[in-house]
1. Pull up all non-local amide H partners of Asp195: gap of 5 or more, or a different chain, and H-to-H distance under 5 Å with H placed in the peptide plane.
2. Please compute the length gained on full extension between Met56 and Lys199, using 0.36 nm multiplied by the number of residues separating them and subtracting their Cα-Cα distance.
3. Which value, in debye to the nearest 20, gives the size of the charge dipole of the range 5-96 about its Cα centre, when Lys and Arg are +1 and Asp and Glu are -1 at the Cβ?
4. Using unit Cβ charges (K, R positive; D, E negative) and no other charged atoms, how large, in debye to the nearest 20, is the dipole of the range 108-202 about its Cα centre?
5. Work out how far the C-alpha atoms of the range 5-96 reach from end to end along every principal axis, then list the three figures in whole Å, largest first.
6. What GluC sites (Glu not before Pro) in the range 107-204 are in a loop by DSSP, with at most 10 other Cβ atoms within 10 Å of the Cβ?
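Laboratory data are not the source of any read-out in this text; all were calculated from the coordinates shown. Computed from a predicted model, the values in this text were never measured in an experiment. Don't worry about glycine lacking a Cβ; one is built from the backbone with ideal geometry, like all the others, and counts go over all protein chains shown.
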Amino acid sequence: MRKHHNKLYYGKYRNKTMFSMPGSLMFYPTTDQYLVNLKKKYEGLNDINDLADFIMQNRKKMKFRFQDKRVTFYSDQDTAHHLIKRFWDHWTGSEHVDSKFKKLGKNVVGCSRLPHGKYQYQVYLKKDAQNMVSDIEIETLKNFIHANEDNCLVTNRDVLGLLNSRHPYFIGGYFYVTEEKFLTPIYMMAQKAIDKVIKFRKVKNGSN
């Protein structure tokens, strides 16, 4: 599952569970027949066999996203707990959206707690952003984020790669900003590379 994961997370599947798995890309394609063959190839390696079994047994009640060294599952709470229990050594984090929260308009998301406790905005960069802005613009954006580290946070590995080495195969990613006033200079530096900006709004008791 490669697209619309944010829509799924805030809609059908409200539990996001993340794992660090260095060999994650070997699971492509994730058809049952491919996974059966993968189990035969790596017979005796419990993590590979267990993950292949889990996908085949639960694919109808979850979605998943494999990236280089990372796997993200979108599921119900019971499935998320099962994943964490079985793959505890690889678990890196989980997020949950309460069912009482809903989207409050285009690119506005209700939440009980802001991301990392204080960031109101999530800035998404386009795929192949490195081809849409110059080296100077990327360097300027990097310096701005670094100079405002209390108000800008980059946790996405792909964005870190883009900022630090002009990643030649950038597949998209995001970073966080605390307040709206920081968006204006960011747009000035990298407007062509920005896909969208998500605003997080704290919601109480399911109301605005």
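1. Placed amide hydrogens put Tyr124, Leu125, Lys126 under 5 Å from Asp195.
2. Working: separation 143, 0.36 × 143 = 51.48 nm, distance 3.57 nm.
Net length gain for the segment: 47.9 nm.
3. On the way: 16 positive and 10 negative charges, 77 e Å.
I would put it at about 380 debye.
4. On the way: 13 positive and 10 negative charges, 90 e Å.
Roughly 440 debye for the range 108-202.
5. So the three principal-axis extents are 37, 25, 23 Å.
6. On the way: sites: Glu137, Glu139, Glu149, Glu179, Glu180; in loops: Glu149, Glu179.
Counting only loop positions with at most 10 other Cβ atoms within 10 Å, the GluC sites (Glu not before Pro) in the range 107-204 are Glu149.
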